[in-house]
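The values are calculated or read from the model by the stated rules, or taken from the named source; none is laboratory data. Everything numeric here is computed off the predicted structure, so don't read it as measured data. Ideal geometry is used to build each Cβ from the backbone, glycine not excepted, and the neighbour counts take in all protein chains shown. Each accessible area value is taken on the protein alone, full model and side chains, heavy atoms only, with ligands, DNA and RNA left out. Shrake-Rupley method; radii C 1.70, N 1.55, O 1.52, S 1.80 Å.
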Amino acid sequence: MPLASTAPQKAWTIEDSEELYRIQGWGEPYFSINAAGHVTVSPKGDRGGSLDLFELVESLKQRNLDLPLLIRFSDILEDRIERLNACFARAIARYNYPGSYRGVFPVKCNQQRHLIEDLVRFGRPHQFGLEAGSKPELMIALATLNTPDALLICNGYKDREYIETAILARRMGRPCIIVLEQVEEVGLAIEISRKLGIKPLLGVRAKLNTRGVGRWGTSTGDRAKFGLTIPEIIHAVEELQAADMLDSLQLLHFHIGSQISAIGVIKDAIREASQIYVELAALGANMQYLDVGGGLGVDYDGSKTNFHASKNYNMQNYANDIVAEVKETCEERNLPVPTLVSESGRAIASHQSVLVFDVLGTNDAPSGDPGAIEESEHLIVRNLYETYLAITEENYQEAYHDATQFKEEAISLFGFGYLSLRERARAERLYWACCEKILKICRQQEYVPDDLEDLEKIMASIYYINLSVFQSAPDSWAIDQLFPILPIHRLDEEPNCRGTLSDLTCDSDGKIDQFIDLRDVKSVLELHPLRSGEPYYLGMFLGGAYQEIMGNLHNLFGDTNTVHICLTPKGYQIEHVVKGDRINEVLGYVQYDPEDLLESIRRQTEQALQEKQITLQEAQLLMQNYERSLSSYTYLTS
Ligand SMILES: *Cc1c(COP(=O)(O)O)cnc(C)c1O
């Protein structure tokens, strides 16, 4: 059993769980806990209707949808779009902005067909458009976006074919704006539009001087990967003017990075970009749009701070600052205001999906009474035993150092052959007993000395999860991104174990050992002890942006099962089921033909049969298993 805390027993409530996992901070208004101690989802936000996530998972399992399972709530996606548009509408009203807002969704954030189709449908009342960052994404956007007048913003590296396609799309009445990001694209756009005899809609992406902060801080500045420097923009204006195409230049774009956690940075960027905008208009460009890019943050830890996993502003502050700043700058110069465009990806797509996975087992630090000592035992063992007995609230810090030193000595003695394997086991066992006793004292202290902070980590249980971090939470592995993780049931019960999560891959990086906390991060997560014969489900939240497409096939764990859930007046409805990869599919990705593999096994068993190394029955069982596995889920099934 994992180490249980011995804090004085006050009945644990769901409010305690809410506070512990900080659900209100990151989950409002979509996630909360019900009286049964289960996570509930209110996909329409404040507009009513909710469902019990645990019961939903149980009923999906009965439909043979095994865990891990990605559950998408279309209503949340709709609510996010509504919210963003409402925030801009309020800001526009508040500041009397004589223009409008027309958002676009960056397809790179989540390209899944059902999601993009939903997005276009939900965005229709707001003429919400799409942003493409590559040729394949342009192809998705062109074919899917059918909202009249919704913008299609073309970013990223472009070749001749990309630009030609985007210009031709104007003939279908599509406001397809080509954002010039590289110097070469200017000449290419001029040449292609001349050849086609079609005037393109053009934008420029500016490299701002304003620095983003944190992970994507290098997305701006003169050496940024994308965009034109101010001298390059001036050059582009001159080129367009010479080609008599300056009226094509209608949009200014910037993107200072994702997950901007500080509102100050956003304000600085808007200020700089607004000035560039009015200057471009003064130079004779036919300016119509100011596209503020992405960067609108998500509060993953619910702390409302400028910590990288959080943000110190809300969506309304964001819209207000953009609207107010742009209006002021344009008024000063007596220029009409632009249509405002934003490319918020993370803020739109993060909340809509929840990943639910089960715990397969735990590995716990040894605990319990170490038993009595014999006079004849080795001195080092007796020393450890004495240390163990003597631990009190007064000396626990000193005792920890003694125990650690004795344990190290024991290992060193073993290395020189002075301690038997059994004696070493005894020493280690006593060391763990000391740690357990000290940790219990630590947990009751207001303040824990720095050198004891690692004790929780040392004593934490490992929870083995039926998941691949590389497939389902790649940013947690690659860039230490934090996602809220918590059990989706038993939340009326005190989670008195501490654990880290280890995934199914044979890779020591396949783990999660950083969790959200009010201050900074915590290295262990509060969890419940497993009960035999009962499943234990964890949910990872806010992972709807970037994770699905960046996930990889490490150890050949494939896409998870995905369901789309939509709220109905009577409950909910499963709109789509997208089955996760089967083993034969992932084998196909690495060029194996499942038929060939099966044939190879058949031949080998035939040979073994002839050599009488296998019985007919065994051979049949092996073939059956092999064949069945080929068409089964890549994850463990119960
Ligand atoms: C990635 C990206 C976005 C989306 O950024 P979020 O922070 O997810 O909103 C928007 N615009 C451009 C150009 C991007 O590269």
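Side notes on the structure shown:
- In the chain, helices alone account for a calculated mean residue ellipticity at 222 nm of -12500 deg cm²/dmol, with every DSSP H run of four or more residues adding -39,500 (n - 2.57).
- For the chain, with all protein chains in place and a probe radius of 1.4 Å, 49% of the accessible heavy-atom surface sits on carbon or sulfur.
- The range 1-157: proportion of alpha-carbon pairs further apart than 27 angstrom, %: 45
- Pairs of Cα atoms nearer than 8 Å and 6+ residues apart set the relative contact order; for the range 74-349 it is 21 percent.
- The trypsin sites (Lys or Arg not before Pro) of the range 507-568 that DSSP puts in a loop, and whose beta carbon has at most 11 other beta carbons within 10 Å, are 519, 531.
- Remark: the range 359-492 carries a charge dipole of roughly 580 debye about the Cα centre, counting +1 on each Lys and Arg Cβ and -1 on each Asp and Glu Cβ.
- If R0 is 45 Å, the Cβ-Cβ spacing of residue 28 and residue 96 corresponds to a FRET efficiency of close to 0.90.
- In sequence order, calculated HN-Hα J values of the range 233-242 (Karplus, 6.51, -1.76, 1.60; Hz; x Gly/Pro): 5, 4, 4, 4, 4, 5, 4, 5, 4, 4
- Length-normalised contact order of the chain in % [C-alpha pairs under 8 Å, at least 6 apart]: 16
- Sparse packing (at most 11 other Cβ atoms within 10 Å of the Cβ) combined with a DSSP loop state is found for the following GluC sites (Glu not before Pro) in the range 428-488: 446, 453.
- Distance between the range 57-132 and the range 291-366 - C-alpha centres, whole angstrom: 14
- Convex hull (Cα only) mean projected area of the range 74-349, reported in nm² to one decimal: 13.1
- Taking all pairs of distinct alpha-carbon atoms in the range 387-496, Kirkwood radius in angstrom: 17.1
- Calculated accessible area for the range 126-230 comes out at 43 Å² per residue, all protein chains present (probe 1.4 Å; ligands, DNA, RNA ignored).
- Nearest 10 degrees, 0 to 90: helix 135-144 Cα axis against the chain principal axis: 70
- Relative to the longest principal axis of the Cα atoms of the chain, helix 396-415 runs at roughly 70 degrees.
- Per residue, the convex hull spanned by the Cα atoms of the range 141-241 measures out at 116 cubic angstrom.
- Separation of alpha-carbon centers, the range 417-447 and the range 13-30, rounded to whole Å: 35
- Considering the chain at the alpha-carbon level, its Rg and Dmax are found to be 29.6, 99 Å.
- Rounded to 5, the percent of DSSP beta bridges in the chain classed as antiparallel: 50
- Of the peptides 412-425, 81-94, the order by per-residue mean of other Cβ atoms within 10 Å, starting with the highest, comes out as 81-94, 412-425.
- Of 158/267; 511/579; 108/304; 207/304; 135/195, pairs whose Cα-Cα distance is over 23 Å: 158/267; 511/579; 108/304; 207/304
- Here the Karplus relation 6.51 cos²θ - 1.76 cosθ + 1.60, evaluated at θ = phi - 60°, turns the backbone of the range 174-187 into coupling constants of 8, x, 9, 9, 8, 8, 6, 10, 10, 4, 5, 5, 5, x Hz, with x for every Gly and Pro.
- Sequence-distant residues sharing a close amide H with residue 105 (under 5 Å, placed H): 129, 130, 131
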